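Quick notes on the structure that follows.
The values are calculated or read from the model by the stated rules, or taken from the named source; none is laboratory data. Not measured: the values here are computed from a predicted model. When we count neighbours, we look across all protein chains shown, and the Cβ atoms used for this are built from the backbone with ideal geometry, even at glycine.
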Amino acid sequence: MQKTLHINPDKCTGCLQCEMACAYENHGTFATAKSRIKVFDFHHTGKKVPYTCTQCDEAWCLHACPVEAITVDKATGAKVVNEATCVGCKVCTIACPFGTINYVVDTGKVQKCDLCEGSPACADACPTGAITFIDANWTGLSKMEQWADKLGNQTSAS
């Protein structure tokens, strides 16, 4: 069963625990600038929204890479950057419509979320449940049923 990150912006408080956990997991430091997940701050509304690679099926980054440095991890389904193969050309950063692949000046390579090999540090660290790691096939059916019940969903008479 493949899993995916699910982000609920309504639960985000902007605490940056996800950014710190990601930076620590991948770089051994709490430097949020090195995080592969970012919390966007909508200053005019006060809303905070975490965002990172959605591991999209289209995988524009993977298809755009001229040296095939981005591959699919068969266990997690994550599109993963192989640093040894990456030449730092940044074509994948241009191809990604979401802006979730970042060039790292220190290494001359790119980085993106790799789902922490199936145990995302950001989801583990999120104190409010704004970031969860759920079944990728989740359709939201149970939520729809809950709303229907609230609205008086009754078995119809034939």
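Taken over region 18-55, the criterion of being among the hydrophobic types (A, V, I, L, M, F, W, C) and either part of a strand (DSSP E or B) or free of Cβ contacts under 8 Å to residues at least 12 places away in the same chain (or both) is satisfied by PHE30, ALA31, ALA33, VAL39, PHE40, PHE42, VAL49.
Please specify each residue of region 52-63 satisfying the condition of being modelled with pLDDT of 95 or more and surrounded by fewer than 16 Cβ atoms within 10 Å (Cβ to Cβ). Matches in region 52-63: HIS63 only. Within region 24-37, the only residue that satisfies the criterion of being buried (at least 16 other Cβ atoms within 10 Å of the Cβ) and in contact with a Phe, Trp or Tyr (Cβ under 6 Å, 6 or more places away or on another chain) is TYR24.
Could you tell me whether region 97-120 includes any residue that is free of Cβ contacts under 8 Å to residues at least 12 places away in the same chain, on the phi > 0 side of the Ramachandran plot and in the same structural domain as ILE7 (by TED's automatic domain parsing)? No: zero hits. Taking the numbered list (1) more than 19 Å from GLY118 (Cα to Cα); (2) surrounded by 12 or more Cβ atoms within 10 Å (Cβ to Cβ); (3) not acidic (Asp, Glu) in turn, THR45 passes all entries but (2). Cβ-Cβ contacts under 6 Å between residues 6 or more apart (or on different chains), taken from a first residue in region 123-139 that is in contact (Cβ under 8 Å) with a residue 60 or more places away in the chain to a second residue that is surrounded by 12 or more Cβ atoms within 10 Å (Cβ to Cβ) and assigned to a loop (DSSP other than H, G, I, E, B), are listed as THR128/THR13; ALA130/ASN8; ALA130/CYS12; PHE133/PRO120; ALA136/GLN2.
So in region 74-87, with the set limited to residues that are outside any strand (DSSP E or B) and surrounded by 15 or more Cβ atoms within 10 Å (Cβ to Cβ), which one is modelled with the highest pLDDT? Among those residues, the one meeting the criterion is CYS86.
Residues in region 44-58 that are more than 18 Å from ASN137 (Cβ to Cβ) and hydrophobic (A, V, I, L, M, F, W, C): 2 in all.
Residues in region 88-111 include at least one that is at pLDDT 95 or above, of a type in the set (Lys, Arg), touching a Cys at 6+ places or on another chain (Cβ under 8 Å) and within 20 Å of THR32 (Cα to Cα).
Of everything in region 139-158 that is in a loop (DSSP other than H, G, I, E, B) and at pLDDT 70 or above, the residue that is nearest to ALA21 (Cα to Cα) is LEU151.
Among the residues of region 91-111 satisfying the criterion of being farther than 20 Å from PHE30 by Cβ and assigned to a loop (DSSP other than H, G, I, E, B), which is nearest to the chain's Cα centre (by Cα)? Applying the filter and picking the extreme gives THR100.
Kindly check whether there is at least one residue in region 10-17 that is more than 19 Å from THR128 (Cα to Cα) and either in a loop (DSSP other than H, G, I, E, B) or in contact (Cβ under 8 Å) with a residue 12 or more places away in the chain (or both). Looking for residues that are more than 19 Å from THR128 (Cα to Cα) and either in a loop (DSSP other than H, G, I, E, B) or in contact (Cβ under 8 Å) with a residue 12 or more places away in the chain (or both), one finds none in region 10-17, hence no.
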